[in-house]
Amino acid sequence: MSSRTLRVCALYPELMNIYADRGNLLMLERRCGWRDIELRLTPSTLGDTLRDEHDLYYIGGGQDADQLRCAADLVEHKSDALRAAAERSAIVLGVCGGYQLLGRSYEIGDEHVEGVGLLDVVTVRDAGPRLIGNIAVAFGDAVIVGFENHAGRTRLAAGQEPLGRVIRGHGNDGRSGFEGARSGNVIGTYVHGPLLPKNSWLCDWLIAGALGVEPGDLVALDDTLEVAAHANALHAAGL
Ligand code: GLN
């Protein structure tokens, strides 16, 4: 019998799941399983009214068309629960298109799409090329590595903390040097790859945060492969 349970809600897992973003859920599941922590995964998709009963909410990236389908649903059926969850310190993680939807708005052509507004950012499209490639981001003393591919440019409002600083790659807009956004337990990032298998320490940091413990309280694992994956991605990013 598992000693603990981590309740994870995957938002639109069949629609917001690009560049292997589903791997983030697999990584959470494995690293919990190896520690005898049961991961209880609940999908929540179009039309479902979200309830605030999970420890970690996750939304991956998506093509514009899928993202637009989700945006209105997110605001209508899920934003109240997400807001309540964020307030009581549940983890909310958005990757790329999911990150954009956690912000205030996403502008694409003449469409202005409202986001949940948990992160004080706005995303616009401009005439420039897609921002594509391997990326490395300074996050405290650690480096987040992965891959980015987005056309949207995200701008942080004054006072909004970025997730980290770009060492290699484009990040939020290719200019500011910022990557992602963080408001306490609400995190948005452009890093695919997927994010968590290449950054196992970040996965543990999220698991610990969602369980309300310190990362050092989690049972240590043999991370030989994970460390190699991180080193490989660093190398791919030119470091
Ligand atoms: N559709 C969004 C953009 O291009 C997000 C893409 C993604 O999730 N990779 O900006």
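The values are calculated or read from the model by the stated rules, or taken from the named source; none is laboratory data. Computed from a prediction, not measured in an experiment: that's the story for all the values here. All Cβ positions, even for glycine, are placed from backbone atoms using ideal geometry, and neighbour counts span all protein chains on display. The area values use the complete protein model at the heavy-atom level, side chains included, leaving out ligands, DNA and RNA. Shrake-Rupley method; radii C 1.70, N 1.55, O 1.52, S 1.80 Å.
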Query raised in the report: Could you say whether any residue in the stretch 38-51 is β-branched (V, I, T), away from the ligand (no atom under 16 Å from the Cβ), assigned to a loop (DSSP other than H, G, I, E, B) and at negative phi?
Result: yes
Report task. For the stretch 1-33, enumerate the residues that are open to solvent by 50 Å² or more (accessible area, probe 1.4 Å), more than 16 Å from the ligand (Cβ to nearest atom), touching a residue at least 60 places away in the same chain (Cβ under 8 Å) and hydrophobic (A, V, I, L, M, F, W, C). Result -> L26
Report summary line: Scanning the stretch 187-209 for residues that are in contact (Cβ under 8 Å) with a residue 24 or more places away in the chain and more than 20 Å from N17 (Cβ to Cβ), the one most open to solvent (accessible area, probe 1.4 Å) turns out to be W201
Query raised in the report: Does A84 qualify as being part of a helix (DSSP H, G or I) and either in contact with a Ser or Thr (Cβ under 7 Å, 6 or more places away or on another chain) or hydrophobic (A, V, I, L, M, F, W, C) (or both)?
Result: yes
**Report entry** Filtered residues of the stretch 84-95 (kept if within 16 Å of the chain's Cα centre (by Cα) and at pLDDT 95 or above)
**Finding:** A85, A86, A90, I91, V92, L93, G94, V95
Report summary line: Checked the stretch 67-80 for anything open to solvent by 10 Å² or more (accessible area, probe 1.4 Å) and hydrophobic (A, V, I, L, M, F, W, C); matches are L68, A72, V75
Requested in this report: Can you tell me which residue among S44, S89 is closer than 21 Å to A208 by Cα and polar (S, T, N, Q)?
Outcome: S89
Requested in this report: Working carefully through the options G61, G133, G117, G128, find the one that is part of a loop (DSSP other than H, G, I, E, B) and over 30 Å from L211 (Cβ atoms).
Outcome: G128
Query - Every pair of residues 6+ apart whose Cβ atoms lie under 8 Å, when the first sits in the stretch 141-155 and is over 16 Å from H192 (Cα atoms) while the second is surrounded by fewer than 21 Cβ atoms within 10 Å (Cβ to Cβ) and among the polar types (S, T, N, Q) - result: R155/S176
Query raised in the report: Within the group D64, D36, D48, D55, which residue is within 19 Å of S200 (Cα to Cα) and open to solvent by 40 Å² or more (accessible area, probe 1.4 Å)?
Result: D36
Query - Lone qualifier among R153, R130, R104 - being open to solvent by 20 Å² or more (accessible area, probe 1.4 Å), within 13 Å of the ligand (Cβ to nearest atom) and not hydrophobic (A, V, I, L, M, F, W, C) - result: R130
Query - Residue selected from the stretch 89-101 under the condition out of contact with any strand residue (DSSP E or B) (no Cβ under 6 Å at 6 or more places or on another chain) and either part of a loop (DSSP other than H, G, I, E, B) or free of Cβ contacts under 8 Å to residues at least 12 places away in the same chain (or both), by the criterion farthest from the ligand (Cβ to nearest atom) - result: S89
Query raised in the report: When the stretch 15-35 is examined, which residues are found to be in contact with a strand residue (DSSP E or B) (Cβ under 8 Å, 6 or more places away or on another chain) and not in a helix (DSSP H, G or I)?
Result: M16, I18, Y19, A20, D21
Query raised in the report: Looking at V124, is it within 12 Å of the ligand (Cβ to nearest atom) and surrounded by fewer than 19 Cβ atoms within 10 Å (Cβ to Cβ)?
Result: yes
